[in-house]
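Peer 1: Quick one: the structure is below, and I'll ask about it shortly.
Readers should treat all values here as calculations from the given coordinates under stated rules, not as data from a laboratory. On a predicted model such as this, the values are computed, not experimentally measured, just so you know. Because the Cβ atoms are built from the backbone with ideal geometry, glycine has one as well, and the counts that use them run over all protein chains shown.
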Amino acid sequence: MKISISLPDTLVRYIDDRVKNRSRLVEELLQAWCKQQEQQAMVEACLLLDQLSENDEDEAAWQQAAIIDWEVSGL
């Protein structure tokens, strides 16, 4: 698919001095950006899971303490 973008002349000259294929450069940069976005989403999902796990562990610890207190009380 073809797209059209506007860039400043200085940037186009800079690119042309360094690469043979502008389209390939844009494609590679966008692929790298997509991969970075996916990795960031994965990191955020893992952090959220860690938070949920910590909350579950806190809940389990609280429940265990309540059971021990109940058992010790002899009720």
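Peer 1: When you scan the stretch 52-66, do you find a residue that is assigned to a helix (DSSP H, G or I), out of contact with any Lys or Arg (no Cβ under 9 Å at 6 or more places or on another chain) and either under 30 Å from residue 1 (Cβ atoms) or among the hydroxyl-bearing types (Ser, Thr, Tyr) (or both), even just one?
Peer 2: Looking for residues that are assigned to a helix (DSSP H, G or I), out of contact with any Lys or Arg (no Cβ under 9 Å at 6 or more places or on another chain) and either under 30 Å from residue 1 (Cβ atoms) or among the hydroxyl-bearing types (Ser, Thr, Tyr) (or both), one finds at least one in the stretch 52-66, hence yes.
Peer 1: Would you point out which residue out of 48, 7 is part of a helix (DSSP H, G or I) and either touching a strand residue (DSSP E or B) at 6+ places or on another chain (Cβ under 8 Å) or not small (Gly, Ala, Ser) (or both)?
Peer 2: 48
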